[in-house]
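Chemist: This is the structure I want to talk about, given as structure tokens.
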Amino acid sequence: MLLKSFTTLAAFAAVTSATIFYAGVAESSGEFGVWSPTSEKGFGLPGRFGVDYSFIDKKGIDVHVDQNKINLFRIAFLLERMCPLSYGLGAKFNETHFDFFKEAVDYVTKTKGAYCILDPHNYMRYNDPSQQPMSGSIIGDTADKTAATTAQFGIFWGELAGRFKDNEKVIFGLMNEPHDMKTSLVVDNSQAAMDAIRKSGAKQLILASGNSWSGGHAWTEGTDSNTQLTKLKDSGNNLAFDIHEYMDQDFSGTHAACTQPASMLAGATAWLKQNNYKAMITEFGASNTTECATMLSDMIKYMASNDVYIGWTAWAAGPFWGSNSACCTDSKQWGSLEPASKAADGGPGLYETLWLKVIQPLVPKQLVWSGISSVNGGIVSTKPGL
Ligand SMILES: *[C@@H]1O[C@H](CO)[C@@H](O)[C@H](O)[C@H]1NC(C)=O
Ligand SMILES: *[C@@H]1O[C@H](CO)[C@@H](O)[C@H](O)[C@H]1NC(C)=O
């Protein structure tokens, strides 16, 4: 009895001091294999699972959870594979494809006990990923007769969320990096998705992204800024924002050199604070140069010391990167954050030179390992079973 109350007290003390409840890595692979150099529409669709694309490598997830003790993964998938063009965007899924996806989500959440963000990696577009992120019709664009509608986007999310409503470790990431559209349409589409998710009975955490690639540095900038996202209303009161932030010159994550410090997030942080919101940074990344190591640790410390941030996933692991580097796709072959990763010259990949050296020491020792995914976090502890 005495021991029990002591444990409860200790756990409570940990909750009040912790601000990062969820920490981990983005799994990028489900969106692979559709880019066509000649803009051939439909290229790589539906694609061969395990050949053109995949979702996770279980061995990599094992290392990240068992050894690195991270509790969050963000698994990317393509809307055009989940809802083939012949079906259209909506409630009719390719069940074979859905089963592959669900197997990955179940492995992360049920077998390993971690949390999982479902990530439609579609830039708020549907019907032509051949030149992603630029191709495809903007969802809800009424001037484009071939575009999927806002209502269809809602129907899609209602179906997906309904299928996962009993898995409390799932998090709904509404959309990866909307860009080059009206922010009011990002709001309308996200609201339709949120309403449908709640109508399905799902109560888990929803992450709503911003326009302009969800870029933190530009969150409050311009005449059509993400400050309009205050219009979103979640009847389930379990909403956080999804921010992306890269540290290279143009915030694109394509250059090896780091020049943009965490202080670029000041505007977004102030906006979140002012409106009493929370956020996760579900994409951030850099290469393994000395400047990048410093800026990346600063970024992780910045999130830990500003309580508007509740979690993060670094970009990126995934079974199909080979020696390609998610941080700096334009020039470098330094590997990825996937545990087996090697550089093109056979040397250690970014998993060793960046994750283990820079990121791993900053993974909070206590994270949330049970309970429904929540904007309020939960009881933090070291990974159970140790
Ligand atoms: C559904 O997915 C399977 C497995 O990838 C694929 O063989 C099949 O062609 C897909 N069906 C459609 C209509 O895209
Ligand atoms: C970054 O990783 C690559 C590939 O292993 C390696 O060649 C390079 O020396 C590393 N850079 C630093 C600063 O460690």
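Chemist: Could you say whether any residue in the range 359-373 is farther than 30 Å from GLY236 by Cα and either among the acidic types (Asp, Glu) or crowded, with 20+ Cβ neighbours inside 10 Å (or both)?
Modeler: Looking for residues that are farther than 30 Å from GLY236 by Cα and either among the acidic types (Asp, Glu) or crowded, with 20+ Cβ neighbours inside 10 Å (or both), one finds at least one in the range 359-373, hence yes.
Chemist: Would you check if there is a residue in the range 333-343 being in a loop (DSSP other than H, G, I, E, B), of a type in the set (Ser, Thr, Tyr) and out of contact with any Asp or Glu (no Cβ under 6 Å at 6 or more places or on another chain)?
Modeler: yes
Chemist: For the range 172-220, how many residues are of a type in the set (D, E, K, R), under 19 Å from SER135 (Cα atoms) and over 13 Å from the mean Cα position of the chain (by Cα)?
Modeler: Total meeting the criteria: 2.
Chemist: Ok, one more. Specify the residue that is surrounded by the fewest Cβ atoms within 10 Å (Cβ to Cβ); the eligible residues are those in the range 89-98 that are within 22 Å of ALA193 (Cα to Cα) and within 11 Å of ligand 1 (Cβ to nearest atom).
Modeler: Filtering the range 89-98 for residues that are within 22 Å of ALA193 (Cα to Cα) and within 11 Å of ligand 1 (Cβ to nearest atom), the one surrounded by the fewest Cβ atoms within 10 Å (Cβ to Cβ) comes out as GLU95.
Chemist: Quick one: in the range 42-83, which of the residues that are out of contact with any strand residue (DSSP E or B) (no Cβ under 9 Å at 6 or more places or on another chain) and polar (S, T, N, Q) is nearest to ligand 1 (Cβ to nearest atom)?
Modeler: Within the range 42-83, the match that is nearest to ligand 1 (Cβ to nearest atom) is SER54.
Chemist: So which residues in the range 366-386 are without any contact (Cβ under 8 Å) to a residue 12 or more places away in the chain and among the aliphatic types (A, V, I, L, M), if there are any at all?
Modeler: LEU386
Chemist: Checking PHE101 against (1) under 21 Å from ILE155 (Cα atoms); (2) part of a loop (DSSP other than H, G, I, E, B), which test does it fail?
Modeler: Among (1) under 21 Å from ILE155 (Cα atoms); (2) part of a loop (DSSP other than H, G, I, E, B), the lone unmet condition for PHE101 is (2).
Chemist: Name the one entry in SER86, SER36 that is more than 16 Å from ligand 1 (Cβ to nearest atom), in a loop (DSSP other than H, G, I, E, B), surrounded by fewer than 23 Cβ atoms within 10 Å (Cβ to Cβ) and at negative phi. Show your work before the answer.
Modeler: Numbers: SER86 fails: more than 16 Å from ligand 1 (Cβ to nearest atom).
None of the other options fit; the residue is SER36.
Chemist: Say whether the condition of being away from ligand 1 (no atom under 16 Å from the Cβ), at pLDDT 95 or above and more than 25 Å from SER373 (Cβ to Cβ) is met by at least one residue in the range 100-111.
Modeler: Taking the range 100-111 as the starting set, the residues that turn out to be away from ligand 1 (no atom under 16 Å from the Cβ) are 105-111.
The next check asks that each one be at pLDDT 95 or above; those that pass are 105-111.
From what's left, more than 25 Å from SER373 (Cβ to Cβ): none.
No.
The values are calculated or read from the model by the stated rules, or taken from the named source; none is laboratory data. Values in this document were obtained by computation on a predicted structure and should not be read as measured data. Backbone-built Cβ (ideal geometry, glycine too); neighbour counts: all protein chains shown.
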